[in-house]
Protein chains: 2
Amino acid sequence: MDPLKVVRENILRMAGYVPGEQPRGGKVIKLNTNENPYPPSPRVLEAIRSSLDESLRLYPQPTADDLREKAAEVYGLPPECIIAGNGSDELLTMLVRVFVGEGEKVVYPTPTYTLYETLAEIQGGGTVEVPFPSDFSLPAGLAESEGKVLFLANPNSPSGTLVPTDQVRRLAESFRGIVVVDEAYADFAGETSIPLVRDLENVVVLRTFSKSFSLAGIRLGLAFGNPGVIEQMMKVKDSYNVNRLTQVAGIAALEDLEWMKENVRKVVRTRERMTEKLKEMGFTVLPSRANFVFARREGEYLKNLYEGLKERGILVRFFDTPSLRDALRITVGTDEEVDLFLEELASLLK
Amino acid sequence: MDPLKVVRENILRMAGYVPGEQPRGGKVIKLNTNENPYPPSPRVLEAIRSSLDESLRLYPQPTADDLREKAAEVYGLPPECIIAGNGSDELLTMLVRVFVGEGEKVVYPTPTYTLYETLAEIQGGGTVEVPFPSDFSLPAGLAESEGKVLFLANPNSPSGTLVPTDQVRRLAESFRGIVVVDEAYADFAGETSIPLVRDLENVVVLRTFSKSFSLAGIRLGLAFGNPGVIEQMMKVKDSYNVNRLTQVAGIAALEDLEWMKENVRKVVRTRERMTEKLKEMGFTVLPSRANFVFARREGEYLKNLYEGLKERGILVRFFDTPSLRDALRITVGTDEEVDLFLEELASLLK
């Protein structure tokens, strides 16, 4: 029998999320997936090294309790308000599985992280897309949109822009569903909606260890929310979703916040310099609060620029859609990487 | 607003899968979650150690290509027939998300791994449960049951029994949907349905590194299936579902098959001895092809026995359901652990 005949219609139809390229080797300057250019804390490596023994034969803690207790200390919410995921992508998956049934809707401003649309498709749900105005402030009508879940990437990708916490609060007070604030880049912004979880039962805030903590390779994210919501998420997660070494790494990373903050300061300094240079070269650059910048040349098609950079060994992110094809999203690398990028870019624009 | 008001009905109603206890410390003989009592290959630990560097700041390969190529070599199917998961539980999750829409059905013989039911509930789907006969051979009528997916744990848990490959083949030839053969324990049985994937487009076989490879702590599973099915599973998986260290560990484990096989031989020897001893003590023990035994005292309620063992520091698995409460499922430990278990059991039965 043909197995495709029993695949769900919504799955068969969809294309699937396409992650940024991960080159398998060779010398490439990788400014395309917003990884941190600086290494993780040596304490993290040491903690994993100390856990490398025969205990790997045993399952991990199903609910990552030691990690949640450490996170509770750091973020000022009790452990029952916290759940750990195999990256924050898995936390997004849990949320749609809890809240979004077939035909039900997910709301988000656009352009944003395209995984939100993919996740709605996988559920057989629909989407309500509300375009950002050109300054990427909260769109009018967003709070009144009808849907079970509203996703707000904050800072947003690919724009890098931030919606201030008091506006997030007002949005959550008005929206008739769950507001998920996806704070993958919040450490670079220095502002967070985590405290809103205390007052607003419908707010869930997501954090990742992939960006500021330089740990994209270990897959770890945290969600903060009302204990009732966390309880529902626990029901749909895989039993042992976060492996032993990642749990240990997460605890060690949270015990060395200063390492992360120092890397953030370096990235922010480079980001500001990079923004100025790009402006001098004729790009429109939105004020970034993340670890990347979004540089636009109004109305120009930048695919050739993206490909020219790639030929010269520099990967940046290019989205070939009508609203984004006149822009590039460039991760903030080390100063050396950024200088090389700017140099190649200048020569390509000549 | 009350967030529980927007939770999907099926999620609100369900209880969630309850994994076996994972004690957080203390001296416990753990014979409850079918972990391997022997350590993983030293080559696995060494491979992880060599990968502990600043590359953790980078995302892993999204589709674990190096690992899939190694698995292709070992299992004799091309990489496009293989997908890696964050444990085989995640592969089960991918399968229900691809095939099971709301109101659609999942079929499985019972008693079996209770996660199949949980996964159907999460999808808002239904279940068709077909009871095994007392010898746990394939139930009549199973192949004719109506459902999108049929799950067959083979060897089955908690019974430990095996359905021979030729019978699995006939089942898959007749069933009008996908047949998922969950082979978590297959290395202990010495028989596999992986070759069926060549001939039957609707067969998916799952393997885990948690049991025979002694790597429950790293979370890794593999699915083998028709390229068309694997392609659909790729659409619903999280982008970076298997972390860097787990990918490296999986490759190293597959490069040292002899280590795994030697541990399997030891476990099988102990299993046979344990089976004999339990029979001498008056238990009915099904012929186990897994790394655990299922020991029954017809009609007796064994909760006290389970609790008595627990008080003495020995954890076994007890399922408090009408059809299973006269039995215990006991993981095969080291010879020393099994001797201690048998001793305490004998004294409790006196």
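Just so you know, all these numbers are worked out from the coordinates, no wet-lab data involved. It should be emphasised that the depicted structure is a prediction, and the values quoted were computed from it without experimental measurement. We place every Cβ from the backbone using ideal geometry, glycine too, and count neighbours over all the protein chains shown.
Across the options A:Asn226, A:Gly250, A:Ser55, the greatest Cα extent toward the positive end of the charge dipole of segment A:42-256 (unit charges at beta carbon of Lys, Arg, Asp, Glu) belongs to A:Ser55.
Note on A:Leu345, A:Leu12: ascending count of other Cβ atoms within 10 Å places them as A:Leu12, A:Leu345, the fewest first. Counted by Cβ distance under 13 Å from A:Val267, the other residues give a net charge of +3, where Lys and Arg count +1 and Asp and Glu count -1.
FRET efficiency for the pair B:Glu69 and B:Met234, taken as 1/(1 + (r/R0)^6) with r the Cβ-Cβ distance and R0 = 22 Å, rounds to 0.90. Each of B:Leu196, B:Val181, B:Thr118 was scored by the projection of its Cα onto the charge dipole of segment B:117-208, and the greatest displacement toward the positive side belongs to B:Leu196; charges sit on the C-beta of Lys, Arg, Asp and Glu. Using the Cβ of B:Val128 as centre and a radius below 9 Å, the other residues enclosed give a net charge of -1, where K and R count +1 and D and E count -1.
A:Gln167 label point (Cα plus 7 Å toward Cβ) to equivalent points in the other copies: 6.5 nm, shortest first.
When the helices in chain B are scored as -39500 (n - 2.57) per DSSP H run of 4 or longer and the sum is shared across all residues, what 222 nm value do you end up with, to the nearest 500 deg cm²/dmol?
Working: 13 runs with 133 residues, N = 350.
When only DSSP H runs of four or more count, the value is -11000 deg cm²/dmol.
Take A:Arg325, push a point 7 Å out from Cα through the beta-carbon direction, and compare it with the same point in every other copy: 6.6 nm, smallest first. Between copies, the label points of B:Pro287, set 7 Å from Cα on the Cα→Cβ line, lie 7.6 nm apart, reported in increasing order to one decimal in nanometres. What shape does the protein assembly as shown have by the C-alpha gyration tensor, where a ≥ b ≥ c are the square roots of the eigenvalues, rounded means a/c under 1.5, and otherwise prolate means a/b greater than b/c and oblate the rest? Verdict is prolate for the protein assembly as shown. Simple rule: put +1 on each Lys or Arg Cβ and -1 on each Asp or Glu Cβ in the protein assembly as shown, find the dipole, and look at A:Gly87, A:Gly313, B:Asn34; the Cα lying farthest toward the positive end is A:Gly313. For segment B:3-75, trypsin sites (Lys or Arg not before Pro) meeting the loop criterion (DSSP other than H, G, I, E, B) and having at most 14 other Cβ atoms within 10 Å: B:Arg24, B:Lys27. In terms of its C-alpha gyration tensor, segment B:128-268 comes out oblate, because a/c is 1.5 or above while a/b does not outweigh b/c. Working note: Karplus 6.51/-1.76/1.60 with θ = phi - 60° gives segment A:88-99 the couplings 6, 4, 5, 5, 4, 4, 4, 4, 5, 5, 6, 10 Hz, where Gly and Pro are set to x. Our coupling estimate for segment A:32-49, obtained by passing each phi through the Karplus curve with A = 6.51, B = -1.76, C = 1.60 and θ = phi - 60°, is 10, 10, 6, 6, 7, x, 9, x, x, 4, x, 5, 5, 4, 5, 5, 5, 4 Hz, Gly and Pro reported as x. The ellipsoid that matches the Cα gyration tensor of chain B has semi-axes, each √(5λ) in whole angstrom, of 31, 26, 21, with the longest given first. Legend: mean number of C-beta atoms from other chains within 10 angstrom of residue C-beta atoms, peptide A:228-234, equals 3. Label-to-label distance, A:Glu102 versus A:Lys350, with points set 7 angstrom from Cα along the beta-carbon direction: 6.0 nm.
Comparing A:Met281, A:Met94, A:Met260 in a Gaussian network model of chain A where C-alpha atoms under 10 Å apart are linked, the largest mean-square fluctuation is found at A:Met281.
By the gyration tensor of its Cα atoms, with a ≥ b ≥ c the square roots of the eigenvalues, what is the shape of segment A:71-210: rounded for a/c under 1.5, prolate for a/b over b/c, or oblate? Since a/c stays below 1.5, the shape of segment A:71-210 is classed as rounded. Each of B:Phe132, A:Phe224 has some number of other Cβ atoms within 10 Å of its Cβ, and from fewest to most they run B:Phe132, A:Phe224. Give me the distance between the Cα centres of segment B:17-51 and segment A:187-265, rounded to whole Å. After rounding, the separation between the Cα centres reads 25 Å.
Of the beta bridges DSSP finds with both residues in chain B, what % are antiparallel, to the nearest 5?
Around 45 percent of the beta bridges assigned by DSSP in chain B are antiparallel ones.
Computed about its Cα centre, the charge dipole of the protein assembly as shown is approximately 200 debye, with only Lys, Arg, Asp and Glu carrying charge at their Cβ. Once the Cβ-Cβ distance of B:Glu336 and A:Thr127 is raised to the sixth power relative to R0 = 51 Å, the FRET efficiency obtained is 0.30.
Computed from phi, the 3J(HN,Hα) profile of segment B:225-237 under the Karplus parametrisation 6.51, -1.76, 1.60 (θ = phi - 60°) reads x, 4, x, x, 6, 4, 4, 5, 5, 4, 5, 9, 6 Hz, with x in place of Gly and Pro. Segment B:319-350 and segment A:270-348 have Cα centres lying 64 Å from one another. Counting only DSSP beta bridges with both residues in the protein assembly as shown, what percent are antiparallel, rounded to the nearest 5? Once the DSSP bridges in the protein assembly as shown are tallied, antiparallel ones form about 45 percent. For peptide B:87-97, the mean count of partner chain Cβ atoms within 10 Å of a residue's Cβ comes to 3.
Summing charges over neighbours of B:Leu328, with a neighbour being any other residue whose Cβ is under 12 Å away from its Cβ, gives +3 when K and R count +1 and D and E count -1. Going by neighbour counts of Cβ atoms within 10 Å, the residues A:Ile218, A:Ile178, B:Ile11 line up, fewest first, as B:Ile11, A:Ile178, A:Ile218.
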